[in-house]
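A.B. asks: I have a structure here, written as structure tokens, and I will follow up with some questions on it.
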Amino acid sequence: MDLSGQILIAMPGMADPRFERSVVLICAHSDEGAMGLIVNKPLEELSFSGLLEHLNIPVAPMGREISVHFGGPVERGRGFVLHSTDWERGGAEGTMAVPGGLEMTATINVLEALAAGGGPGKALLALGYSGWGPGQLEAEIGRNDWLTCDAAEGLLFAADDATKWSAALRGMGIDPLTLSAAAGRA
């Protein structure tokens with residue numbers, strides 16, 4: 001099973017509070033484990049402009065403001081920009097293709113491009129990531145901790161993070177009000 005480019009939707013009975021009502025884009029998945037970014041948990045205490053200031057990256061008058069999210073509990077001091085594929089990087093390294101027509105960049109040059117008013121057309125910044133060891137994600141799916149479905153770009157980059165979880169479920173034809181915390185637990 002390769003879930004790269006798919007999203008995980010946390011079931012109401014999720015035991016780990018860090019993932020409660022989470023929508024996670026799986027960026028890479030193999031026999032060695034999985035890596036993903038939570039796309040619906042904004043960091044209220046940190047703005048993109050505040051992060052740029054902290055990193056001493058100048059912001060041009062036409063610089064862009066993008067949302068900053070809690071990407072997961074692993075390496076919380078490391079940033080990952082999930083973005084559309086329309087950014088001409090000029091050969092810059094540090095960008096990984098994500099199935100479904102997306103890319104993820106973990107280098108400072110994407111932050112500099114956004115601060116200058118350029119960069120990819122659609123982007124969100126995640127601090128930290130979600131990681132699973134070999135077989136761990138498959139076991140969690142087997143326990144019904146997660147639902148999986150195709151990633152809709154409109155959902156990933158939607159401005160209203162508060163509705164992404166319910167919108168993802170509705171996109172699967174599931175009414176979030178019909179789920180209970182005991183759903184799928186044996």
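The values are calculated or read from the model by the stated rules, or taken from the named source; none is laboratory data. Since this is a predicted model, take the numbers as computed values, not measurements. Methodologically, a virtual Cβ is constructed for each residue, glycine included, from the backbone with ideal geometry; neighbour enumeration extends over all protein chains shown. The protein model used for the area step is the full one, side chains on, heavy atoms only, and it has no ligands, DNA or RNA in it. Shrake-Rupley method; radii C 1.70, N 1.55, O 1.52, S 1.80 Å.
A.B. asks: Looking at the stretch 131-144, I want the residues that are among the β-branched types (Val, Ile, Thr) and have a partner that is surrounded by 14 or more Cβ atoms within 10 Å (Cβ to Cβ) and not in a loop (DSSP other than H, G, I, E, B) with Cβ atoms under 9 Å, at least 6 apart or on another chain. Which pairs are those?
C.D. replies: Within 9 Å, the pairs are 141/8; 141/147; 141/148.
A.B. asks: Can you find a residue in the stretch 44-55 that is outside any strand (DSSP E or B), open to solvent by 60 Å² or more (accessible area, probe 1.4 Å), within 17 Å of residue 110 (Cβ to Cβ) and touching a Ser or Thr at 6+ places or on another chain (Cβ under 7 Å)?
C.D. replies: no
A.B. asks: Now a separate question. When you go through 125, 114, 137 one by one, which is the residue that is within 18 Å of residue 29 (Cα to Cα) and crowded, with 21+ Cβ neighbours inside 10 Å?
C.D. replies: On the way: 125 fails: within 18 Å of residue 29 (Cα to Cα); 114 fails: within 18 Å of residue 29 (Cα to Cα).
Result of the check over 125, 114, 137: 137.
A.B. asks: Hey, another quick one. Of these, 5, 36, 13, which one is surrounded by fewer than 21 Cβ atoms within 10 Å (Cβ to Cβ), touching a Ser or Thr at 6+ places or on another chain (Cβ under 9 Å) and not acidic (Asp, Glu)?
C.D. replies: 13
A.B. asks: Related question: Just give me the residues in the stretch 66-98 being surrounded by 16 or more Cβ atoms within 10 Å (Cβ to Cβ) and not β-branched (Val, Ile, Thr), in sequence order.
C.D. replies: 67, 69, 70, 71, 72, 79, 80, 82, 83, 84, 87, 89 - these are the residues of the stretch 66-98 that are surrounded by 16 or more Cβ atoms within 10 Å (Cβ to Cβ) and not β-branched (Val, Ile, Thr).
A.B. asks: Output the number of the condition that residue 67 fails; it satisfies all remaining conditions of (1) of a type in the set (Ser, Thr, Tyr); (2) within 28 Å of residue 139 (Cα to Cα); (3) touching a residue at least 60 places away in the same chain (Cβ under 8 Å).
C.D. replies: In the conditions (1) of a type in the set (Ser, Thr, Tyr); (2) within 28 Å of residue 139 (Cα to Cα); (3) touching a residue at least 60 places away in the same chain (Cβ under 8 Å), residue 67 misses (2) alone.
A.B. asks: Quick test of your reading of the structure: residue 167 fulfils all but one of (1) open to solvent by less than 40 Å² (accessible area, probe 1.4 Å); (2) outside any strand (DSSP E or B); (3) touching an Asp or Glu at 6+ places or on another chain (Cβ under 9 Å). Name the failing condition by number.
C.D. replies: (1)
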